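Trainee: What follows is a single structure, and I will ask about it in a moment.
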Amino acid sequence: MLGWLLAPVTKEGGGGGGFWLPESASSVSGETDWMFTFIFIPTAIAFLGIVATTVYFMIKYRRRSEGQRTSPIEGNTRVELAWTVIPGIFFFLFFLFGFQGWMKINAPPSEAIDVRVGAKKWSWEFTYPKDGIESGELVVPIGQSVKLTMSSEDVIHSFFIPAFRIKRDVLPNRYTVLWFTGEKKGTFDIYCTEYCGDGHSKMVSRVKVVSAAEYKKWVDSGGGLGDLPPAEFGKKLFAIKGCNQCHSVTKERMGLTGPPFGGAYGKMEQLTDGTTVKIDDNYIRESIMKPNKQVVKGYQPVMPTFAGKLKSRQINALIDYIKSLK
Ligand code: CUA
């Protein structure tokens, strides 16, 4: 019974998660789970003890007749010392181990791989400055520490990898840092855990922990985007840059924030200012750079600009991809 409850916090049981906690897969997740259990078990025992004592006293010292009065209790030094000193020791240990863990997660090792994390409504983007890679997914080698320097382009988001037990707010105008070492190969979920608008629940990504050889291959291929044909490259960018959070690639809007792109290329479109425009390369390019200048009728001017965030080659690839959507 106890083994099953504690499964995720023991070395052997660190597999696919247990009753309490999700899978544990990073260098800090084991300690975090241990700390959780170390705080939880004493507090649970104290809680049950207090409730049991209260119930016992309620029954034992209940008033048995109308005229009965209990005599006042003057105090008991031994009991009072015990309930002060014992919790005091526990609180000190919680602080001591908690502080150690906190210091550890705030000190990225110097050999860590640098990755920039960009958050915006509603996607994550990972940039590897040393290798010139941009990716919508985080790919890291197993056993190697990774330092994430995070910032937001708009509102407050929060970066969370449950399997790694790391989470930190991602703010506009200020960098925040997280680090981890992936200790298990596999793919793990990344969530946004700060409500950031309509698409918050879809602001998800993944982290892939791969072998050193696979990582090298991924880096050498430019993050898997190396020499793709333009429309294919555009399709990847469409997901990486988060276009897909607001634009469907079919003819249906699918309840999204922006106009659908299926069959849109070459069409005449009504704008909010009453004019009509042809959806061509120029219109798409301008809509990426100055999104709120020519807004399609029935939509809000809410798209962020991508000026300075996309290279010419990337814009052309996106146009080719949108062109290819039937
Ligand atoms: Cu970003 Cu919620």
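Trainee: Given V115, V85, which one is without any contact (Cβ under 8 Å) to a residue 60 or more places away in the chain and more than 26 Å from the chain's Cα centre (by Cα)?
Mentor: After ruling out the rest, the residue left standing is V85.
Trainee: With respect to T250, determine if the residue is in a loop (DSSP other than H, G, I, E, B), of a type in the set (S, T, N, Q), touching a residue at least 12 places away in the same chain (Cβ under 8 Å) and touching a Gly at 6+ places or on another chain (Cβ under 6 Å). Talk me through it step by step, then tell me what you get.
Mentor: Details: in a loop (DSSP other than H, G, I, E, B): yes; of a type in the set (S, T, N, Q): yes; touching a residue at least 12 places away in the same chain (Cβ under 8 Å): yes; touching a Gly at 6+ places or on another chain (Cβ under 6 Å): yes.
Considered against the rule, which asks whether it is in a loop (DSSP other than H, G, I, E, B), of a type in the set (S, T, N, Q), touching a residue at least 12 places away in the same chain (Cβ under 8 Å) and touching a Gly at 6+ places or on another chain (Cβ under 6 Å), T250 comes out as yes.
Trainee: Kindly indicate whether any position in the stretch 180-188 is more than 16 Å from the ligand (Cβ to nearest atom), basic (K, R) and under 14 Å from the mean Cα position of the chain (by Cα). Talk me through it step by step, then tell me what you get.
Mentor: Applying the first criterion (more than 16 Å from the ligand (Cβ to nearest atom)) to the stretch 180-188 yields 180-188.
Going one step further and asking which of them are basic (K, R), we end up with 184-185.
When the remaining residues are screened for being under 14 Å from the mean Cα position of the chain (by Cα), the result is none.
No, that holds for no residue.
Trainee: Please go through the stretch 103-143 and pick out each residue that is exposed (fewer than 11 other Cβ atoms within 10 Å of the Cβ) and under 23 Å from F40 (Cβ atoms).
Mentor: M103
Trainee: While we're looking at this one, here's another question. Output yes when any residue across the stretch 246-255 is within 34 Å of the chain's Cα centre (by Cα), closer than 18 Å to L310 by Cα and buried (at least 18 other Cβ atoms within 10 Å of the Cβ), and no when none is.
Mentor: Yes: the stretch 246-255 contains one or more residues that are within 34 Å of the chain's Cα centre (by Cα), closer than 18 Å to L310 by Cα and buried (at least 18 other Cβ atoms within 10 Å of the Cβ).
Trainee: Another question, then. Quick one: which of S201, S211, S205 is buried (at least 17 other Cβ atoms within 10 Å of the Cβ), of a type outside the set (V, I, T) and either within 16 Å of the ligand (Cβ to nearest atom) or at pLDDT 90 or above (or both)? Talk me through it step by step, then tell me what you get.
Mentor: On the way: S201 fails: buried (at least 17 other Cβ atoms within 10 Å of the Cβ); S211 fails: buried (at least 17 other Cβ atoms within 10 Å of the Cβ).
After ruling out the rest, the residue left standing is S205.
Trainee: Can we say Y195 is touching a Pro at 6+ places or on another chain (Cβ under 6 Å) and either crowded, with 17+ Cβ neighbours inside 10 Å or not basic (K, R) (or both)? Walk me through how you get there before you give the answer.
Mentor: Details: touching a Pro at 6+ places or on another chain (Cβ under 6 Å): no; either crowded, with 17+ Cβ neighbours inside 10 Å or not basic (K, R) (or both): yes.
No; evaluated as a whole, the condition is false for this residue.
Trainee: If a residue must be within 20 Å of P22 (Cβ to Cβ), among the β-branched types (V, I, T) and not in a loop (DSSP other than H, G, I, E, B), how many such residues does the stretch 191-218 contain?
Mentor: Selection size over the stretch 191-218: 3.
Trainee: If you scan the stretch 113-155, which residues turn out to be under 17 Å from T187 (Cβ atoms), part of a loop (DSSP other than H, G, I, E, B) and either within 12 Å of the ligand (Cβ to nearest atom) or aliphatic (A, V, I, L, M) (or both)?
Mentor: Hit for the stretch 113-155 is I142, nothing else.
Trainee: Looking at the stretch 66-75, is at least one residue among the acidic types (D, E) and within 30 Å of V177 (Cβ to Cβ)?
Mentor: Taking every residue of the stretch 66-75 in turn, none turns out to be among the acidic types (D, E) and within 30 Å of V177 (Cβ to Cβ).
Trainee: Ok, one more. Name the residue that is farthest from K326 (Cα to Cα), counting only residues in the stretch 219-241 that are small (G, A, S) and either in a helix (DSSP H, G or I) or within 16 Å of the ligand (Cβ to nearest atom) (or both).
Mentor: Applying the first criterion (small (G, A, S)) to the stretch 219-241 yields 221-224, 226, 231, 234, 239.
Subsequent filtering for residues that are either in a helix (DSSP H, G or I) or within 16 Å of the ligand (Cβ to nearest atom) (or both) retains 231, 234, 239.
Working: A231: 13, G234: 15, A239: 18 Å.
Filtering the stretch 219-241 for residues that are small (G, A, S) and either in a helix (DSSP H, G or I) or within 16 Å of the ligand (Cβ to nearest atom) (or both), the one farthest from K326 (Cα to Cα) comes out as A239.
Trainee: If you don't mind, there's one more thing I want to ask. Considering each of G266, G258 in turn, give the residue that is in a loop (DSSP other than H, G, I, E, B) and in contact with a His (Cβ under 8 Å, 6 or more places away or on another chain). Don't jump to the end; show me each part of the working.
Mentor: Details: G266 fails: in contact with a His (Cβ under 8 Å, 6 or more places away or on another chain).
Going through G266, G258 in turn, just one is in a loop (DSSP other than H, G, I, E, B) and in contact with a His (Cβ under 8 Å, 6 or more places away or on another chain): G258.
Here is a yes/no grid of residues against (1) at pLDDT below 80; (2) loosely packed, with under 14 Cβ neighbours inside 10 Å:
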position	(1), (2)
L6	yes, no
T10	yes, no
G13	yes, no
G17	yes, no
E23	no, no
S27	no, no
A44	no, yes
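Trainee: Would the stretch 75-88 turn up any residue that is in a loop (DSSP other than H, G, I, E, B) and basic (K, R)?
Mentor: No - not one qualifying residue is present in the stretch 75-88.
Trainee: Here's a follow-up. Name the single residue that is farthest from K121 (Cα to Cα) among those in the stretch 156-175 being away from the ligand (no atom under 14 Å from the Cβ) and part of a strand (DSSP E or B). Don't jump to the end; show me each part of the working.
Mentor: Here is the first cut: in the stretch 156-175, the residues away from the ligand (no atom under 14 Å from the Cβ) are 161-166, 173-175.
Filter once more, so that each one left must be part of a strand (DSSP E or B): 161, 166, 174.
On the way: I161: 18, I166: 21, R174: 17 Å.
Residue satisfying both the conditions and the ranking: I166.
For every residue, the table says whether it meets (1) part of a helix (DSSP H, G or I); (2) in contact (Cβ under 8 Å) with a residue 60 or more places away in the chain.
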position: R285; (1), (2): yes, no
position: P301; (1), (2): no, no
position: T305; (1), (2): no, no
position: L310; (1), (2): no, yes
position: K326; (1), (2): no, yes
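The values are calculated or read from the model by the stated rules, or taken from the named source; none is laboratory data. As the structure is a computational prediction, the values presented were derived from the model and not from experiment. Neighbour counts run over all protein chains shown; Cβ positions are idealised from the backbone, glycine included.
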